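Heads up, the thing below is written out as structure tokens.
The values are calculated or read from the model by the stated rules, or taken from the named source; none is laboratory data. Bear in mind the structure is a predicted one, so any value in this text is a computation, not a measurement. Cβ sites come from the backbone with ideal geometry, for glycine too, and all protein chains shown count toward neighbours.
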Amino acid sequence: MAGERMLECRGLRRSFGDLVAVDGVGFHIDPGEAYGLLGPNAAGKTTTISMIAGLLEPDDGEVVVAGQPMTTHARRAKDAIGYVPQDLAIYPDLSARENLVFFARLYGMPTAEAKRRSQEVLELTGLADRAGDQTKKYSGGMKRRLNIGIGLLHRPKLLILDEPTAGVDPQSRNAILESVESLSGAGMAVLYTTHYMEEAERLCDRVGIIDHGKLIAEGTRKELVSLVGERDHVRMLATGELARAAAALAARPWVHEASTPGEGIDLVVDDARGNLPAILSDAAAAGAAIKSVEVTEPDLEAVFLHLTGRALRD
Amino acid sequence: MKALWIAATNLRRMFRVRTNYFFVFVFPMALILVLGATFGGSSTPRLGVVAQRSGPLGAALVRQLERTPHLRVVPVADPAALLTQVQRGSLAAGLVIPARYDAAIRAGQGVTIRYMARPDQSSQQLGETVRGAVAQQAALLGAARFAVTERSASSFSAALAAAARVSPAVPSVAVTETTAGTALFSRTLGQFDQGAWTELLLFLFLISLTGAVALIETRRLGLSRRMLATPTSPGTVIAGETLGRVLIAVIQAVVIILGSALLFGVNWGQPAGVAAVVILFALVGAGAGILLGTLFRTEQQAVGVSLLLGLGLGALGGCMVPLEVFSPTMKQVAHLTPQAWANDAFTQLVGHHAAITAILPQLGILAAYAAVLLALATWRLRRVLVA
Amino acid sequence: MRAAVLICLKDLRARLRDRSALLLGIVVPLGLAFIFNSIFSGISGNSKVISLGVVSLDRGAVAQQFTGQVLGAVGKSGLIAVHREHTVAGARALVARGTLNAVIVIPADFSARVQANRPASMQVIGNVDAPISAGIARSIAERYASDLNRIRLSVATVVHGRSQGTPSPGTIRALAARAAAAAAPVAVSDVSAKSKELDQKSFFAAGMAVFFLFFTVQFGVTSLLEERNDGTLARLLAAPISRASILGGKLLTSFLLGVISMTVLVVATSLLFGASWGNPAGVAVLVVAAVLAAMGIMALIATLARNAEQAANWQAVVAVVLGLLGGTFFPVSQAPGILSRLTLVAPQAWFLRGLGDLRGGDLSAVWVPALAMLGIAVVVGGIAMTRLRHMAEV
């Protein structure tokens, strides 16, 4: 059905006592789309996800998954979702296979199918040869893989991953990102929360930025970056005739700003990479001795800084 | 159906920890054995007797004591050991029949036997029983001695033989014993019977309460959230967790009941009645365990509180000392616990061979406990799950 | 040494913070001792005066001798209270209700039958649930009956021995009088044995305290396994401190937790519900010995386990079995033969015996139990120490 959305949520609101955790969040995900929910810790990401996964009733607003309204009792809507919690929600004293078969049964698969599908997931996650061991004997990376594998058991239309890389070593993290990329590439819609910019940039077609329970911006990376302007920053550490060099550079049409904050020159330019040789030669010609050059292209970090006045991780 | 899977996972996790087999099955059975061997049947006082080299008449006195009802004779090697055991309370009292007891009596001398008792009253009171037995034997000895004094026999041994010969023909003064009142304790209970059902109740409840620990772990690990994210309603999750705890209790009960019946010959009474008590009591335990699991945050707290409640309520409910010996006030207080009602039901079933129809009041009260606790537990669990 | 103290202080702080040591070491044993004590204080185990009723329907001399002299002497001991009742039905009702434990009934023709050398009987009616008291009542009646039988048998034996035909009633009366006056051949003298049993309050307090002691001391040694798991053991080993001071710190933690919790329990049970533990110096010796024995056993189990969870499970099993054997819940020393000797494997048994002996004797009474516990500590703890060295490795 063309145009059917995988997830549609409108005006989600939830408070805990006096604390308003989520305040009017609404967004949608199309089939096959990867959507990143980006925000600092305690921004309301997990509360939003809990309402989408039917773990928490919203005070206000609604969630529709694959055309089905989501509530804490909704069966069809939950059937469409694969939920991967932030915590390692696996039984430590059961084996990987027992964990998988158990949850497969909770997704309503008959025993034979539950077993077959568990085996497939074991192979997919590379746990097949240790499938019979109790999971408490697994390494951290293996537990993470199983944690995601459980969410994939029933071939969900929408996979929800709640900070799957929090506290994970770089190698396991890369493996997780690769598997999400391939799932998304295979047409599964993905909702991914993180407070890592680079993950959102790498994985997601669209990103929503959430802060203090509100969705403050949303769009493709390009759309979001355009909020801060698609201009690059060049910062040079230099000595010598700084003021002259800045004035010379300011004369170029593709330089929009030039300033000399103390020990160097700061520029706002179009296409910093293409114009870098010209910048360097202009500066040298004006009598500035350049020690180092740093080029910053606008990214989600900058977007966040621009929108909130705060860095993402502080 | 899904609830069954959640229940089965509960079971599987419980029995994956091997030491749980010990606490669920082995330890209760060991307690039944030890309690039965130590206090089993009745609390007959144990009288330690030293009768080394006291001769045939000494042996006859020991036999006389052994025939005395409400008394168990325990042979002890020497007076020093006897004194220690009496002092430490492992014997109710002690009796020392002197060496050469036989020879002294035959020589016409007066003999003194020593009765050792602690200052407590039960130890002292037993002295009357010992004196009664000694007097019975002394009837024959006194007659023989009198015959010697009256010169109607040539020797003490001849006089003793004559007295024994005459004795059956002499009309005797006898004492008859009857009882009055309705028995609180059944006289038909076997050595292990009461210990078996009280320990069963104690441990069913204790193990059910530790279900709280499993529940807290399930929540802490985020497993409850994960279950609720599947198309499984909170009601099904709660039903599954409850069923799991009930199944564990029922399996425990079946193993203990069959095991103790086969190994120690414990009589359990009418199967339908026993099944009804066990299932209702398991439901009570499951409700209490789950309720506890929703009230505490950490597993350590839950362990401490379940030990306190399990053993405390068990003791109060008559699982350590039978309710029959409680004071009337304490008995009323005791009946605030489900254990007391279950104990009453077993007393009827085992002690009085009652059928299930005779324990309907107790079953009704247990069912009410189960209903209230399960309702509270469900309400609380729903709140903590769907918070 | 400084390092050991620092490690110990860190562990103690952590234990106080997670409250589990406080809960298992103090709150639970105190709570259980309190519950048991309040439940069982209504149940008088060893101190109960027997209420004995007597109904004499006979005004004859034989009956009067029994109710007057025999029961009079019995009542004087203070162990048995004798109550005169007038009707059998009334007395029976009192027995049925449990007001009287038993009643002795002397029928109207008792004296006449005894004097006529005819069969006679007294009747004992006992409360169905007080068999021991009923047995004692019966023994009292039987003692008198036996004395009457002795006189009859004495006369019969002499008459039979003389074989001079039937003697005259006068001769028989004279014989009977002489027989009645004859001294009994066997006398029973009372020896009082000083009690070495703990009273109920003290028993529950001491039993619960030493039972949970085994759980309290495990926090120290087992934390070595936890530190290995958390990776902090590697950090400790990397620091410029000796392995001995790491072990020392852990053992010191166990010891202090054990001694502190026992001290709190001794003081609290004495103040809150009047448990009497006995001479403080003797109690201190026994407590220290028990703590060391418990540490040795729990440490050995920790060294045999693969991880902290397994150690905790096994330690719980051992603590519970030894607690049961050691008589912390009920006195297993009354068990038959082998079982009662088996109890001495448990330090708990020695601890309780030590407290009992201390109560029945002087301070020197604690040395044997204390040395037994120290022996267990040295042997079991020694094995544990040789194994512990390997545990302090990553």
message: Scan segment A:214-235 and tell me whether some residue there is surrounded by fewer than 14 Cβ atoms within 10 Å (Cβ to Cβ), more than 35 Å from the chain's Cα centre (by Cα) and either of a type in the set (A, V, I, L, M, F, W, C) or at pLDDT below 85 (or both).
response: no
message: Tell me the residue from A:96, A:112, A:74 that is touching a residue at least 24 places away in the same chain (Cβ under 8 Å) and either buried (at least 18 other Cβ atoms within 10 Å of the Cβ) or of a type outside the set (D, E, K, R) (or both), please.
response: A:96
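A quick yes/no check of all residues on (1) within 26 Å of residue B:216 (Cβ to Cβ); (2) within 14 Å of another protein chain (Cβ to nearest Cβ):
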{"residue": "B:335", "(1), (2)": "no, yes"}
{"residue": "B:350", "(1), (2)": "no, no"}
{"residue": "B:356", "(1), (2)": "no, no"}
{"residue": "B:359", "(1), (2)": "no, no"}
{"residue": "B:365", "(1), (2)": "no, no"}
{"residue": "B:372", "(1), (2)": "yes, no"}
{"residue": "B:377", "(1), (2)": "yes, no"}
{"residue": "B:382", "(1), (2)": "yes, yes"}
query: Looking at (1) within 30 Å of residue A:310 (Cβ to Cβ); (2) part of a loop (DSSP other than H, G, I, E, B); (3) within 13 Å of chain B (Cβ to nearest Cβ); (4) touching a strand residue (DSSP E or B) at 6+ places or on another chain (Cβ under 7 Å), can you tell me which one residue A:87 breaks?
result: (4)
message: Among (1) out of contact with any strand residue (DSSP E or B) (no Cβ under 7 Å at 6 or more places or on another chain); (2) within 12 Å of chain B (Cβ to nearest Cβ), there is one condition residue A:67 misses while meeting the rest; what is its number?
response: (2)
task: Taking only segment C:174-198 into account, find how many residues are part of a helix (DSSP H, G or I) and either facing chain B (nearest Cβ under 7 Å) or modelled with pLDDT under 85 (or both).
output: 1
task: Looking for whichever is touching a Cys at 6+ places or on another chain (Cβ under 6 Å) and of a type outside the set (Phe, Trp, Tyr) here; the options are B:348, B:301, B:339, B:252. Which one fits?
output: B:339
task: Would you be able to say whether some residue in segment A:11-20 is within 14 Å of chain B (Cβ to nearest Cβ), free of Cβ contacts under 8 Å to residues at least 40 places away in the same chain and assigned to a loop (DSSP other than H, G, I, E, B)?
output: yes
field: Answer residue from segment C:125-167, given it is among the aliphatic types (A, V, I, L, M) and more than 7 Å from chain B (Cβ to nearest Cβ) and is surrounded by the most Cβ atoms within 10 Å (Cβ to Cβ) among those
entry: C:137
query: For the subset of segment B:17-64 comprising residues that are without any contact (Cβ under 8 Å) to a residue 24 or more places away in the chain and of a type in the set (D, E, K, R), which member is nearest to the other protein chains (Cβ to nearest Cβ)?
result: B:18
task: Return the total of residues in segment B:204-217 being buried (at least 24 other Cβ atoms within 10 Å of the Cβ) and either closer than 24 Å to residue A:54 by Cβ or facing another protein chain (nearest Cβ under 7 Å) (or both).
output: 1
- prompt: What about residue A:298, is it part of a loop (DSSP other than H, G, I, E, B), surrounded by 14 or more Cβ atoms within 10 Å (Cβ to Cβ) and at negative phi?
  reply: yes
Residue among B:252, B:300 that alone is within 14 Å of chain C (Cβ to nearest Cβ), assigned to a helix (DSSP H, G or I) and in contact with a helix residue (DSSP H, G or I) (Cβ under 6 Å, 6 or more places away or on another chain): B:300
- request: Could you list, in sequence order, all residues of segment B:102-132 that are more than 7 Å from every other protein chain (Cβ to nearest Cβ) and of a type in the set (A, V, I, L, M, F, W, C)?
  value: B:103, B:104, B:107, B:126
- request: Taking only segment A:265-295 into account, find how many residues are out of contact with any strand residue (DSSP E or B) (no Cβ under 6 Å at 6 or more places or on another chain), assigned to a loop (DSSP other than H, G, I, E, B) and either in contact (Cβ under 8 Å) with a residue 40 or more places away in the chain or closer than 16 Å to residue A:227 by Cα (or both).
  value: 2
statement: Per the filter on segment A:3-22, residues modelled with pLDDT of 90 or more and small (Gly, Ala, Ser) are A:11, A:15, A:21
message: Conditions first: (1) within 9 Å of another protein chain (Cβ to nearest Cβ); (2) at pLDDT below 85. Residue B:188 passes all but one, so which condition is the exception?
response: (1)
task: Might you let me know whether segment A:166-187 holds any residue that is buried (at least 18 other Cβ atoms within 10 Å of the Cβ), closer than 26 Å to residue A:93 by Cβ and within 14 Å of another protein chain (Cβ to nearest Cβ)?
output: no
- line: If we keep only residues of segment A:90-109 that are more than 7 Å from chain B (Cβ to nearest Cβ) and assigned to a loop (DSSP other than H, G, I, E, B), then the residue farthest from residue A:137 (Cα to Cα) is A:109
field: Single residue of C:12, C:23 found to be part of a helix (DSSP H, G or I) and away from every other protein chain (no Cβ under 13 Å)
entry: C:12
task: Quick one: which residue in B:142, B:132 is under 13 Å from residue C:157 (Cα atoms), crowded, with 20+ Cβ neighbours inside 10 Å and touching a Lys or Arg at 6+ places or on another chain (Cβ under 6 Å)?
output: B:142
statement: Flagged pairs (Cβ under 8 angstrom, 6 or more apart or on separate chains; first in segment C:178-194, hydroxyl-bearing (Ser, Thr, Tyr); second in a strand (DSSP E or B)) are C:189/B:112; C:189/B:113; C:189/B:114; C:189/B:115; C:192/B:116; C:192/B:117
field: Residue in segment A:56-69 that is assigned to a strand (DSSP E or B), loosely packed, with under 15 Cβ neighbours inside 10 Å and at positive phi present
entry: no
query: Only one of A:301, A:218 is acidic (Asp, Glu), under 30 Å from residue A:26 (Cα atoms) and touching a helix residue (DSSP H, G or I) at 6+ places or on another chain (Cβ under 7 Å); which?
result: A:301
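This table checks each residue for (1) crowded, with 20+ Cβ neighbours inside 10 Å; (2) touching a Leu at 6+ places or on another chain (Cβ under 8 Å); (3) touching a residue at least 60 places away in the same chain (Cβ under 8 Å); (4) farther than 30 Å from residue A:72 by Cβ.
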{"site": "B:333", "(1), (2), (3), (4)": "no, yes, no, yes"}
{"site": "B:343", "(1), (2), (3), (4)": "yes, yes, yes, yes"}
{"site": "B:350", "(1), (2), (3), (4)": "yes, yes, yes, yes"}
{"site": "B:365", "(1), (2), (3), (4)": "no, no, no, yes"}
{"site": "B:373", "(1), (2), (3), (4)": "yes, yes, yes, no"}
- prompt: Taking the condition farther than 18 Å from residue A:217 by Cβ and away from chain B (no Cβ under 14 Å), does residue A:23 pass?
  reply: no
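One line per residue, one yes/no per condition, for (1) at pLDDT 90 or above; (2) surrounded by 15 or more Cβ atoms within 10 Å (Cβ to Cβ); (3) polar (S, T, N, Q):
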{"site": "B:2", "(1), (2), (3)": "no, yes, no"}
{"site": "B:32", "(1), (2), (3)": "no, yes, no"}
{"site": "B:36", "(1), (2), (3)": "no, yes, no"}
{"site": "B:42", "(1), (2), (3)": "no, no, yes"}
{"site": "B:49", "(1), (2), (3)": "yes, yes, no"}
{"site": "B:59", "(1), (2), (3)": "yes, no, no"}
{"site": "B:63", "(1), (2), (3)": "yes, no, no"}
